Amino acid sequence: MKLKKSTKNIIKMHGWRLDRAIHNFVYFAYYDIYIRYFLAAGRLVVKYLRKVPYIVKPWEMIFNRYHGKVITQEDAKKILTLKEDVVLGPDRTERIIPFKYANQIILKEPEYIAVMDCACRMSRENPCQPVNTCIAVGRMTAEFWLEHGEKFHARKITQEEALKIMSDAHEKGMITTAWFKVATGGRTGVICQCCSCCCGAIEADRMVKQLEGSEDVGIIIPSGYTVEIDYDKCTACGTCVEVCNIYHAMSLKEGEKPVYNVDLCKGCGVCVEKCEQQARKLVMDGSKGYPLDIDFAKELLG
């Protein structure tokens, strides 16, 4: 059987690690099946084995190689409108991408963008709409999706179309995440629009926190920002509580101003976007790491 061009490129990228090349191929070529069984296995582990003490923790093998970082809409725009390659890491990216294995910002030919159906949404009985929202930035992954993702309705899109997909998701209260996976070369380039009810990674992040001794394992990390609230402008309308429906960092009692739990906040910025009183803004917070702001990253690491 003749290998497609994108398959050859994946093998070339992984070099002697043919196991990773195969994983990369299976992950995207059978995305829906992969996610479905991955989540099913995770649910079984949590149900039956969550209190078992392990000398070797099997979830670390998985989740230390599979990570998402929340990114704000403004920082995502910088990725989706790049005109030149960005190659940073892994030696000095730990404050932005603090992962042991998947820790590189590599966006080659970033104007080459594809979108396909979200495997997480496809695994749900009544998924959020639209389903066609997962974005690949850069020829390596985008071309693979186009050559192997016909059943996922993969299609090439412009930067403007990618921005529209993201802004529409934010209008619905979804968050944007960038993904770093050993299976895809330890690099970013996959940008997802995530919701609490469909996202498999958010479900997996909750599952792994229920396992004994998993305190240091994090699947989805903060953007690098926290929210600063101007209580003089705040009218306690409750919008921030309503839209913070994934991590529940905002709470409100009748007749009082909203309470902000900075420890729960991932700094997605949706509450800032939705605040009609403009009573809140995002501020960089070193305790949450550095943001995946391409301009800031190039200045810091270039």
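Condition check: assigned to a loop (DSSP other than H, G, I, E, B) and under 16 Å from Gly186 (Cβ atoms). Does Thr141 satisfy that?
no
Kindly provide the set of residues from the range 99-120 that are modelled with pLDDT of 95 or more and farther than 15 Å from Phe28 by Cα, ordered by number.
Within the range 99-120, Glu109, Pro110, Glu111, Tyr112, Ile113 meet the criteria.
Hey, does the range 25-41 have a residue that's assigned to a helix (DSSP H, G or I), within 18 Å of Tyr101 (Cβ to Cβ), at pLDDT below 75 and of a type outside the set (A, V, I, L, M)?
no
Could you list, in sequence order, all residues of the range 154-193 that are of a type in the set (Lys, Arg) and modelled with pLDDT under 95? Spell out the reasoning first.
Let us first name the residues in the range 154-193 that are of a type in the set (Lys, Arg), namely 155-156, 164, 172, 181, 187.
Result: Lys172, Lys181, Arg187.
Can you pull out every residue in the range 69-89 that is outside any loop (DSSP other than H, G, I, E, B) and either surrounded by fewer than 21 Cβ atoms within 10 Å (Cβ to Cβ) or in contact with a helix residue (DSSP H, G or I) (Cβ under 8 Å, 6 or more places away or on another chain) (or both)?
Across the range 69-89, the qualifying residues are Ile71, Gln73, Glu74, Asp75, Ala76, Lys77, Lys78, Ile79, Leu80, Val86, Val87, Leu88.
Somewhere in the range 90-103, is a residue within 14 Å of Val190 (Cβ to Cβ), hydrophobic (A, V, I, L, M, F, W, C) and in a strand (DSSP E or B)?
no
Hey, can you tell me all the residues within the range 258-302 that are aliphatic (A, V, I, L, M), crowded, with 21+ Cβ neighbours inside 10 Å and assigned to a loop (DSSP other than H, G, I, E, B)?
Within the range 258-302, Ala279, Leu292 meet the criteria.
The values are calculated or read from the model by the stated rules, or taken from the named source; none is laboratory data. Because the structure is predicted, anything quoted here is derived from the model rather than measured. Neighbour counts are summed over all protein chains in view; Cβ atoms, including those assigned to glycine, are modelled from backbone coordinates with ideal geometry.
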